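Reviewing the structure listed below.
The values are calculated or read from the model by the stated rules, or taken from the named source; none is laboratory data. Keep in mind that this is a model prediction, so the values were computed, not measured. Cβ: placed from backbone, ideal geometry, glycine included. Neighbour counts: every protein chain shown. All accessible areas refer to the heavy atoms of the entire protein, side chains included, with ligands and DNA or RNA removed. Shrake-Rupley method; radii C 1.70, N 1.55, O 1.52, S 1.80 Å.
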Amino acid sequence: MDIILKARKLTKFYQMGEVRVEALKGVDFDIYAGEFVVVLGPSGSGKSTMLNLIGGMDTASSGEIYFKDRPLHGAPEKVLTEYRRNAVGFVFQFYNLMPNLTAYENVMLSVEIAKNPLKAEDVLEQVGLADRTDRFPAQMSGGEQQRVAIARAVAKNPEILLCDEPTGALDSSTGIQVLKVLRDFNRRYKKTVIIITHNAAIAQMADRVFYLRDGRVNRIEKVANPVAPEEVSW
Ligand SMILES: Nc1ncnc2c1ncn2[C@@H]1O[C@H](COP(=O)(O)OP(=O)(O)OP(=O)(O)O)[C@@H](O)[C@H]1O
């Protein structure tokens, strides 16, 4: 399998006056194209920091990170902008939809900036929202809003879907619907999905689980038989 993301001795330090906070202390990993990876870690373990580096939103203090052999460490802002725009779809805990745009229009926002987008109607149908395309976010449930957010991320046709606590604001049955949509995207398009979460239950459906502790990936586990999203419960 092809490696889509590779990190070597990746560190991130924050300087707070006299104090240096070591958020990532030298992380190594390979992520393969088409994998479903869950990064699990408690609060403060460095999850958001890792997400920001993988997503090209921030740059490492030292070490290396590559997207398909293209270095993101030390890359100019223009390269990172291109990477964020075309290679990565983002899904956040609180959806981040534009409140004054309908579901369809929210998805079109990302279609319009992407190089090789999918059809907004098709993606909305795949997330089960064919009959909700004209609704505004305030007229939808949390689970529906998150599915619009996933449709928006997927419509760009990115190679990586990067999800930050995607079920964090949802009850478990709604969360499972959202996980199902993420799994469908992963299996249907054979695209890489990375979920960053403190919810250990989600790890059951991963191909591999990265355990982040105190700024280090201290264990990587291959899941022998990933469960279906419907079987995940928390
Ligand atoms: N901008 C920043 N400036 C200073 N310190 C920071 C900054 N961002 C994160 N940190 C520190 O880096 C460490 C890792 O933080 P990070 O936000 O990556 O953890 P996390 O696992 O995402 O936590 P949570 O689940 O609570 O969001 C923490 O000690 C945090 O206080």
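For the reader, a short list of remarks on this structure follows.
- By average C-beta atoms within 10 angstrom, highest first, the peptides 53-60, 91-98, 113-120, 218-225: 53-60, 91-98, 113-120, 218-225
- Cα centroid of the stretch 38-88 to Cα centroid of the stretch 127-182, whole Å: 23 Å
- Cross-link reach list, lysines versus residue 180, counting only Cα pairs under 24 Å and skipping chain neighbours closer than eight places: 47, 119, 156, 190, 191, 222
- Amide H contacts of residue 72: 65, 66, 67, each under 5 Å away and 5 or more positions distant or on a separate chain (H built 1.01 Å from N in the peptide plane; Pro and chain starts excluded).
- Charging the Cβ of each Asp and Glu at -1 and of each Lys and Arg at +1, and nothing else, the dipole of the stretch 126-207 about its Cα centre rounds to 320 debye.
- Here the sum of -39500 (n - 2.57) over DSSP H runs of 4 or more residues, divided by the residues of the chain, equals -9000 deg cm²/dmol at 222 nm, to the nearest 500.
- Using only side-chain charges placed at the Cβ, +1 for Lys and Arg and -1 for Asp and Glu, the dipole size of the stretch 3-231 relative to its Cα centre rounds to 620 debye.
- Kyte-Doolittle mean at least -0.5 and Cα axial length at least 15 Å: DSSP H helices in the chain: 103-113, 142-155, 172-189
- Under 5 Å from the amide H of residue 36 lie the amide H atoms of 193, 207, 208, each residue being 5 or more positions distant or on a separate chain, with H modelled from the backbone and absent for Pro and chain starts.
- Solvent-accessible surface of the chain, averaged per residue with a 1.4 angstrom probe and all protein chains in place: 47 square angstrom.
- Here the stretch 3-231 exposes an accessible surface that is 49 percent carbon and sulfur, computed with a 1.4 Å probe and the other protein chains kept in place.
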